[in-house]
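Right, one structure below, let's go through it.
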Amino acid sequence: MKDHQARLIQLSYENKILTFGDFTLKSGRKSPYFFNSGFFCAGDVLGAVADSYAQTIIDAPDLEFDIILGPAYKGIPLAAVTIVKLAEKDPAKYGKMEYAYNRKEKKDHGEGGNTVGGSLKGKRVLILDDVMTAGTAIRESMALINAEGGILAGVALILDRQERMVDYEHSMIAQVKKDYGVPIYSIITLDDIVQFAKGKLPEEDIKKIEDYREKYKAHPIAE
């Protein structure tokens with residue numbers, strides 16, 4: 001792992017964003033770990049998220065975009081802190097770049113509209129999200145981008161769970177890549193979490209995570 005990835009996982013663990021135990025997911029699966037990005041609220045861990053997003057974006061090969069979109073609600077602070085960090089790391093390239101987020105309900109007074117922040121029209125849009133589970137937020141964002149005259153350039157996530165969907169052998173990330181033909185980048189993966197857990201958790205708990213990974217691991221989409 002790179003330094004920014006290791007720091008993000010460590011702070012996530014310390015702040016109980018990443019927890020280990022027995023959890024029932026929305027899919028009904030019993031998971032030995034849980035990642036709750038809603039707890040990214042302390043300054044140090046939010047700063048680590050921003051740094052990791054920014055470094056992942058900078059390191060991404062051939063990623064070109066003009067604006068960042070943070071889907072409401074979790075994506076709003078993520079997009080805001082990331083655009084600041086990008087501007088700090090590379091002011092010449094990102095200093096004047098903007099971000100935007102969607103309204104949950106269209107505003108019919110004042111400036112109106114479906115978005116707040118920079119305009120998406122005619123721009124290549126990078127979506128920031130936390131974890132892609134059912135792909136709902138991404139598809140809603142894609143509809144918004146189309147409606148606003150933008151072009152989807154890619155997606156950046158915090159965590160790739162590397163697991164298959166309930167009814168398919170491949171992951172939702174693979175499905176979205178196929179449907180929209182855009183790159184998807186993740187800061188950390190389940191493999192990184194397993195690596196982190198070794199030396200932190202009892203062997204019994206590590207085995208539970210490894211067994212879960214093996215049971216639900218995603219396979220490539222069949223051609």
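The values are calculated or read from the model by the stated rules, or taken from the named source; none is laboratory data. Because the structure is predicted, anything quoted here is derived from the model rather than measured. Note that each Cβ is placed from the backbone with ideal geometry, even for glycine, and that neighbours are counted across all protein chains shown. For the accessible areas, the whole protein counts, side chains as well, though only heavy atoms, and no ligand, DNA or RNA atoms are used. Shrake-Rupley method; radii C 1.70, N 1.55, O 1.52, S 1.80 Å.
For the reader, a short list of remarks on this structure follows.
- Taking every DSSP beta bridge that has both ends in the chain, the antiparallel portion is near 35%.
- Element breakdown for region 108-205 at a 1.4 angstrom probe: carbon and sulfur atoms account for 48% of the accessible area.
- Chain lengthening between Cys41 and Ala72 when straightened (0.36 nm per residue, less Cα-Cα): 9.6 nm
- Along the axis of the charge dipole computed for the chain (Cβ charges of +1 for Lys and Arg, -1 for Asp and Glu, origin at the Cα centre), the listed residues Leu63, Leu157, Tyr99 are led at the positive end by Tyr99.
- Order of exposure, largest accessible area first, which applies to Ser37, Ser119 with probe 1.4 Å: Ser119, Ser37
- Taking other residues whose beta carbon is less than 15 angstrom from the beta carbon of Ala42, and scoring Lys, Arg as +1 and Asp, Glu as -1, yields -1.
- Summing Cβ point charges (Lys, Arg +1; Asp, Glu -1) relative to the Cα centre of region 65-105 gives a dipole of roughly 100 debye.
- Across the chain, the volume of the C-alpha convex hull divided among the residues equals 136 Å³ per residue.
- What you get for the chain, charging only the Cβ of Lys and Arg (+1) and of Asp and Glu (-1), is a dipole of about 360 debye around the Cα centre.
- Around the amide H of Ile187, modelled in the peptide plane, lie the amide H atoms of Leu157, Ile158, Leu159, all under 5 Å away and 5 or more residues distant in sequence or on another chain.
- Accessible area of the chain divided out per residue, in Å², using a probe of 1.4 angstrom: 51 Å²
- Inter-centroid distance (Cα atoms) of region 45-94 relative to region 163-223, Å: 23 Å
- Cα long-axis angle, helix 3-14 against the chain (0 to 90 degrees, to the nearest 10): 70 degrees
- Region 1-118, Rg to Rh (Cα coordinates; Rh as Kirkwood inverse mean 1/r): 1.03
- Selection from Gly47, His4, Ser119 lying farthest towards where the dipole of the chain points positive, charges on Cβ: Ser119
- Modelled FRET efficiency - R0 41 Å, Lys200 with Glu140, Cβ distances, 0.05 increments: 0.70
- Cα convex hull of region 140-223, projected area averaged across orientations, nm²: 6.7 nm²
- Of Lys89/Lys207; Lys16/Lys207; Lys85/Lys121; Lys16/Lys208; Lys96/Lys198; Lys93/Lys217, those spanning more than 30 Å from alpha-carbon to alpha-carbon: Lys89/Lys207; Lys96/Lys198; Lys93/Lys217
- Residue-averaged 222 nm ellipticity for the chain, from DSSP H runs of 4+ at -39500 (n - 2.57), nearest 500: -12500 deg cm²/dmol
- Computed from phi, the 3J(HN,Hα) profile of region 63-76 under the Karplus parametrisation 6.51, -1.76, 1.60 (θ = phi - 60°) reads 7, 10, 8, 10, 7, 9, 10, x, x, 5, 9, 4, x, 5 Hz, with x in place of Gly and Pro.
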